[in-house]
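Inspection log for the structure reproduced underneath, given as structure tokens.
The values are calculated or read from the model by the stated rules, or taken from the named source; none is laboratory data. Predicted model, so just to flag it, every value in this text is computed and none were measured. Quick reminder, even Gly has a Cβ in these numbers, built from the backbone with ideal geometry, and neighbours come from all protein chains shown.
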Amino acid sequence: MAIDRTVVPAMKDPFVLGPMPVDRRMTTVDEQRTSAPLDIIFELAADVERWTAYLSHYRYIRFHDKRADGGGVVEMSANRPFGAIAWPTWWTSEMSVTRPGSSRPPSIRFRHVKGVTKGMDVEWTFSPSNNGTLVRIVHVWNGPQWPLIGDVAARGVIGPVFVHGIASRTLAGLAHAAERRATDASRIEVSSG
């Protein structure tokens, strides 16, 4: 009888990204109310590797490093549509996940470490609301380090056009998928009950 001596590496500790900075020059806020329960929308949002199954504007999502909380270093690419033209974007982030039921409110945090948006901090929060969940994404950033035009580019184009354009589509798509999943789960309960 052979002995399996495969060594499985231990998962690395989660990133500690801390509270959202309050001293950034650019802030975008996107919100979506969904009729789905918090646990369903949270799991869909935290499972970023599967976003391409629900969100047609995402080109790819790849983990370069996984952490014990489900976060890690993740590279993402999404298209920002402009009529018939889809403008490709990409970024790499550190990601941390605080799950429902922990000592802190549920959230998903990102800090962009590569790409045009390097230095951007992002926080997804999830709050129970009347008959569902309110999901909020806040992006804060000082803009790219481009002489003379960095701040203008961040607040005039990158934030309102690209960040908001992608985040609002992401929220709407995940809310739709969560509502479908919640409806399917209730049908299963009714038919088996």
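State whether one or more residues within the range 56-72 are surrounded by 18 or more Cβ atoms within 10 Å (Cβ to Cβ), in a strand (DSSP E or B), hydrophobic (A, V, I, L, M, F, W, C) and out of contact with any Leu (no Cβ under 8 Å at 6 or more places or on another chain).
No - not one qualifying residue is present in the range 56-72.
Identify, please: which residue in the range 174-190 is at pLDDT 95 or above and of a type in the set (A, V, I, L, M, F, W, C) and is, among those, nearest to residue 51 (Cα to Cα)?
Applying the filter and picking the extreme gives 174.
With respect to residue 94, determine if the residue is more than 19 Å from residue 29 (Cβ to Cβ) and not hydroxyl-bearing (Ser, Thr, Tyr). Full working, then the answer.
Working: more than 19 Å from residue 29 (Cβ to Cβ): yes; not hydroxyl-bearing (Ser, Thr, Tyr): yes.
Criteria met by residue 94.
Within the range 57-75, restricting attention to residues that are touching a helix residue (DSSP H, G or I) at 6+ places or on another chain (Cβ under 7 Å) and not hydrophobic (A, V, I, L, M, F, W, C), which residue is farthest from residue 88 (Cα to Cα)?
Here the answer is 70.
Would you list the strands (runs of 3 or more DSSP E) that sit entirely within the range 77-152 and hold 1 or more residues that are among the polar types (S, T, N, Q) and touching a residue at least 60 places away in the same chain (Cβ under 8 Å)?
Numbers: elements: 85-98, 107-114, 121-129, 132-141.
The strands (runs of 3 or more DSSP E) meeting that bar are 85-98, 121-129, 132-141.
What's the number of the condition residue 49 fails, among (1) surrounded by fewer than 16 Cβ atoms within 10 Å (Cβ to Cβ); (2) over 15 Å from the mean Cα position of the chain (by Cα)?
(2)
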